[in-house]
Amino acid sequence: MRHRAAYVAFDRFPSSKGSAVHIAQMADELFTRYGGGLLGVIGGGGLPRYQREGTREIARFDAPIPNLIDRAEAFSGWVADHLRPHWDTLEICHVRDPWSALPAVADGRRHTVVYEVNGLPSIEMSHTWPWAAPSTLGKIRELERFCLERSDAVVVPSRVIGAAVRERGVPRDRIHLVPNGADVPGETERPADAPKRYVVYVGAMQPWQGLDVLMRAFARLADLTDLRLVICASVPERRAKPVRRLAERLGVAERIDWRFTLPHHEVAAWLAHAEVSVAPLTGCARNLDQGCAPLKVIESMAAGVPVVASDLPAVRELMADGEHGRLVPADRPAELARAVRILLEYPREAAAMGRRGREHIEQSLTWARSRARLAEVYRTLTRVR
Amino acid sequence: MDAAGHGREEDQVTRCAVTTGFFVLGRCGRAAAVSCPQCGRPVCGDHAGPNGLCPECAAAQGYGTQDPHHPSWAGGYRRHYYRHSSQAYDDTYWYSSFDQYDRGAFNPGDDYSAGGWGPDDDTGFDTGFVDS
C-alpha cells in the first residue's frame with residue numbers, strides 16, 4: 001500500500017488524552033482529503049503494532065527505551081523508515097513535533113510539510129524535566145527552529161502559540177490558525193457513581209495544569225460539606241501521586257473522587273452533570289509564552305457547564321469572563337475558590353453561562369469548523385505547488 | 001439440537017481477532033476463515049490479505065522488521081546504512097548534537113511524575129511532548 005499522505009505524532013494513539021482527540025480529528029481530515037494515508041504514532045500497552053482500516057494504515061512505535069531523548073531519536077529513525085516506502089507517492093506530511101518533523105523535512109523531498117505546533121518542547125520540557133540544562137533546551141529550540149524553517153506551513157491552535165512561532169523566525173504568511181474544537185454532546189446520562197453535587201477537573205497532571213492551586217482552593221470550600229471534587233485524569237494513576245499527597249496534607253483527600261483514563265464519552269457525561277468545571281492553569285512560561293488551547297475549556301463549554309479558568313491570553317481566546325464562566329487570576333487559590341463559590345450560590349446565572357458557552361461552541365468552535373480551516377490550508381498548499 | 005446446545009456451538013466458533021477502528025478500537029469478531037500463517041491469529045474472510053496474512057502482518061511486511069534480533073533485520077539495515085551514511089554524516093541533525101549531559105536529564109524518574117518508567121508500568125513510555 002502506497003500513500004499520498006502521512007500524519008506523524010510522537011504521542012500515543014488512541015488514548016484518553018486531549019492530544020489523541022486532536023490527532024483523530026486532524027488525521028481524519030487529512031486522510032479524507034487524500035483518500036487514506038499513513039498514521040505514525042506511539043503504541044505499546046497492548047495496541048497493535050500495525051493496523052489497516054480500508055485505505056488507512058496505522059503504524060505504532062513501541063520500542064521500550066527509557067530515556068526520553070534516546071526514545072525520541074529512535075522514533076525519528078523509525079519515522080524515516082516508515083516514510084521511505086512512500087517517498088515517491090507522498091504529497092503531504094503532517095507532523096506534530098520536531099522529532100516527527102525531522103525525517104519529513106529531509107532534503108530531496110517532493111511532498112509538502114505541515115507542522116502543527118500545539119506546544120514547543122524547548123519551553124514545555126523545562127517544566128516536565130526540571131534537570132534539563134538551559135543549554136540542552138537551547139539545542140531543542142534549535143531543532144525546532146530548523147524544522148519550522150523547512151516546513152511549508154505551520155498550523156497553530158491559538159494566537160499566543162502563533163506569536164511564539166513567529167518569534168522563532170517563521171514568516172506570518174506561513175502560520176495558519178486552526179483552533180481546537182469540540183462536538184456538542186447530546187443528552188448524557190448522569191454517571192451512576194456521580195456525587196450529588198460536584199466540581200470537575202478534566203485533564204492531565206503536569207505542573208502547569210495548576211492542580212496544586214485547585215487543591216488549595218478546594219480546601220477553602222470545606223464549609224460546603226456536600227460538595228465534592230471529581231478529577232477525571234487523562235493519565236495513569238501513578239502520575240497523580242504528588243497531587244494526592246498534597247490533597248492529604250491539605251486535608252481535602254477525603255472529598256475528592258478520582259477517575260483515571262476514562263473513555264472520552266464518559267468524560268463528557270461527568271462534565272455535563274457537574275456544577276462547575278475548573279481549568280486552573282498556572283501563569284508559567286508554558287502557558288504564557290508558548291500558549292495553549294486547552295480542550296478542557298472547550299469541551300466543558302460544549303457540555304453546557306460553566307467554566308472557572310485562569311485569566312490567561314490563551315484562555316481569553318476561547319471564553320469570555322462573565323459570559324461563559326469566570327476568569328480568575330492564575331495561581332490564586334482564594335480567587336479560584338471565590339469564583340466557584342459565587343457560581344454555586346447563583347445556580348440560575350451559572351446555568352445561563354453554561355448555555356451561552358454551549359451556544360458559543362456551536363457557533364464558532366466545533367471540530368467541523370476546525371477541520372474546514374485545516375482543509376483550506378491543504379488546498380492553499382496544493383495551489384502554491 | 002436444543003436451543004442451549006445450539007448456543008454452545010455458536011460459542012465455539014473461532015472469532016476474527018483483528019483490531020478494528022480508528023479512535024475507538026474494538027475486535028472484528030466475525031467468524032474466522034483462516035489463521036494468519038505468520039502470527040497464527042484467526043482472521044475472517046474480509047480481513048485476510050494475500051496469502052491469508054492478517055492486516056497487522058501484511059502492513060508490517062511493507063516496512064521490514066524493526067526488531068534488531070530478527071535475522072532479516074541486519075541485511076536490510078546494512079544495505080540502508082551503506083546507501084545513506086555518506087549523506088547522513090554531512091547532516092549534523094541526523095547525528096544529533098545531544099551529548100550524555102543533555103540526555104542525563106531525561107532519564108525516567110527525573111520527570112514531574114517522579115514515578116518513572118518501569119517494568120510494572122504498562123504505559124511507561126506514553127510521554128508525548130505536549131498535551132493540550
If we count other beta carbons within 10 Å of each Cβ, what is the order of A:CYS232, B:CYS54, fewest first? A:CYS232, B:CYS54
For helix A:18-33, what angle does its Cα long axis make with the longest principal axis of chain A, in degrees from 0 to 90 and rounded to 10? 40
Mind checking A:267-280 for the average number of partner chain beta-carbons within 10 Å of each residue's beta-carbon? 0
Shielding by partners - mean other protein chain Cβ count within 10 Å, residues of A:17-26: 3
Average other protein chain Cβ within 10 Å of Cβ, residues A:68-76: 5
Taking A:LEU227, A:LEU271, A:LEU177 and counting other C-beta atoms within 10 Å, the order from fewest to most: A:LEU177, A:LEU227, A:LEU271
Ranking of A:ASP289, A:ASP193, A:ASP81 by count of other Cβ atoms within 10 Å, fewest first: A:ASP193, A:ASP289, A:ASP81
Charge dipole of chain A built from unit charges on the beta carbon (Lys, Arg +1; Asp, Glu -1), centred at mean Cα; most positive-end Cα among A:ILE361, A:TYR378, A:HIS127 is A:TYR378
Counting alpha carbon pairs within less than 8 Å and at least 6 residues apart, what relative contact order, in whole percent, applies to segment A:197-364? 24
Sorted peptide list for A:352-364, A:23-35, criterion being average Cβ within 10 angstrom, highest first: A:23-35, A:352-364
Determine the dipole magnitude for segment A:1-53: charges of +1 sit on the beta-carbon of Lys and Arg, -1 on that of Asp and Glu, nothing else is charged, the reference point is the Cα centre, and the result goes in debye to the nearest 20. 180
Long-range HN-HN contacts of A:TYR198 with modeled amide H, under 5 Å: A:ARG228, A:GLU275
If I stretch the segment between A:ALA192 and A:ARG150 completely, what's the gain in nm (0.36 nm per residue apart, minus their alpha carbon distance), one decimal? 10.0 nm
Which lysines, if any, have their Cα less than 23 Å from the Cα of A:LYS17, not counting same-chain residues under 8 positions apart? A:LYS241, A:LYS296
Output ordering of A:55-63, B:42-50, B:19-27 (per-residue mean of other Cβ within 10 Å, highest first) is A:55-63, B:42-50, B:19-27
Taking only the alpha carbons of the protein assembly as shown, what extent do you get along each of the three principal axes, in Å, biggest first? 75, 69, 46
Sequence-separation-based contact order of chain A, relative, with Cα cut under 8 Å and 6+ spacing, percent: 16
Taking the Cα centre of chain A as the origin, how large is its charge dipole in debye, to the nearest 20, when only Lys and Arg (+1) and Asp and Glu (-1) carry charge on their Cβ atoms? 320
Does anyone have the angle between helix A:241-250 and the longest principal axis of chain A? Alpha-carbon axes, 0 to 90°, nearest 10? 20
Identify all lysines with a Cα-Cα distance to A:LYS139 below 21 Å; exclude those on the same chain that are fewer than 8 residues away in sequence. none
Rotationally averaged projected area of segment A:1-138 (alpha carbon convex hull; nm²): 8.6
Which residues' amide hydrogens lie under 5 Å from the amide hydrogen of A:GLY283, considering only partners 5 or more residues apart or on another chain, with H built in the peptide plane? A:ASP331
Any idea what the alpha-carbon Rg over 2.2 N^0.38 Å comes to for segment A:1-82? 1.06
Based only on Cα atoms, what Rg/Rh ratio does segment A:197-364 have, Rh being taken as Kirkwood's radius? 0.93
Highest to lowest packing among A:302-309, A:319-326, scored as the average C-beta count within 10 Å: A:302-309, A:319-326
Compute the separation of the alpha-carbon centres of segment A:293-316 and segment A:234-257 and state it in Å as a whole number. 23
Between A:VAL328 and residues 5 or more places away or on another chain, which pairs have amide H atoms under 5 Å apart, with H built 1.01 Å from N, and which residues are they? A:ALA309, A:SER310, A:ASP311
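Where a number appears in this text, it was derived from the coordinates with a stated rule and is not lab data. Predicted model, so just to flag it, every value in this text is computed and none were measured. In this analysis, Cβ positions are derived from the backbone assuming ideal geometry, glycine residues included, and neighbour counts consider all displayed protein chains.
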